[in-house]
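Here the structure is laid out as structure tokens; the discussion comes afterwards.
Bear in mind these aren't lab numbers, they're just calculated from the coordinates by the rules spelled out. All values reported here derive from a predicted model rather than from experimental measurement. No Cβ is skipped: glycine too gets one built from the backbone with ideal geometry, and neighbour counts run over all protein chains shown.
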């Protein structure tokens, strides 16, 4: 489906498209957790609210040209904005490098964009919005089987793979979190936010007994369900293993930097990184869907 396009031109276009998508992801990352529309108003400086002109809104280049400052008020702009744009551009380039131009490549681009947004939001707020996790789950269960069927995989088999992957992804992490909560309750372990000051531990007849766990939010569970819907059962298991290793390294580094072994941090970035690495592993399920 490359339509005779020059491979180098195709990769350059994918990278540029990724930069544009990354710029939009910055809007999503900033606005979605605080309940603001991601469409209106247009891009503006968060400090002085001055609308950003198209010339000052060119991904990556405008940041370099303005030396990381707002043209109007001079406030410093976090380098994370161009970092998200560059990361998204590189990931889109990698997808195109591997798959060329086609529906499957577009699916993985959407998947990767959602992972990047979820990771940064979780890093900032320790929450993964349902718009990303549940929205991605629905998309994965509907679109992935259809795209897989266009490559010769029977639709029923593809749908089974996505559904089973979602169940394994969510079920594995939920089981670990549930058992951890029950063991913590029996051994009397205390956590800053569980059960909370003046609150008693939830009982089996209460929903919180099944859904409220120390050190883990349901956003991580739902995100792994989405990853399972896209990558299938083996892909999501690979993701869990890789994410656990990344989370261990990140947790140790975070503890050393904060000099605290109890400070909470989002697990979403490790999950997203694990999924992206799994996506490009040569033996991942992606190779079975081509």
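Quick notes on this one:
- Per residue Cα convex hull volume in Å³ - calculated over the range 1-100: 119 Å³
- Potential lengthening of the chain between residue 259 and residue 67 amounts to 65.8 nm, from the contour at 0.36 nm per residue minus the alpha-carbon distance.
- For the chain, the 222 nm mean residue ellipticity estimated from helices alone, with every DSSP H stretch of n ≥ 4 adding -39500 (n - 2.57) and the total spread over all residues, rounds to -22000 deg cm²/dmol.
- Inter-site label distance for residue 248 and residue 197 at 7 Å from Cα along Cβ, in nm: 3.6 nm
- Sorting 183, 128 from the fewest to the most surrounding beta carbons within 10 angstrom yields 183, 128.
- Take every pair of alpha-carbon atoms less than 8 Å apart whose residues are at least six positions apart; their mean separation over the length of the chain yields a relative contact order of 19 percent.
- Taking N as its residue count, the alpha carbon Rg of the range 54-133 over 2.2 N^0.38 Å: 1.31
- A quarter of the convex hull surface defined by the alpha-carbon atoms of the chain gives 18.3 nm² as the mean projection.
- Ranked by how many other Cβ atoms sit within 10 Å of their own Cβ, fewest first, the residues 193, 125 fall in the order 193, 125.
- The protection proxy used here, the mean number of other Cβ atoms lying within 10 Å of each residue, ranks peptides 229-235, 244-250, 78-84, 150-156 as follows, highest first: 229-235, 78-84, 244-250, 150-156.
- Prolate/oblate/rounded call for the range 169-269, Cα gyration tensor, a/c under 1.5 rounded: oblate
- Against the empirical curve 2.2 N^0.38 Å, the C-alpha radius of gyration of the range 54-191 lands at a ratio of 1.43.
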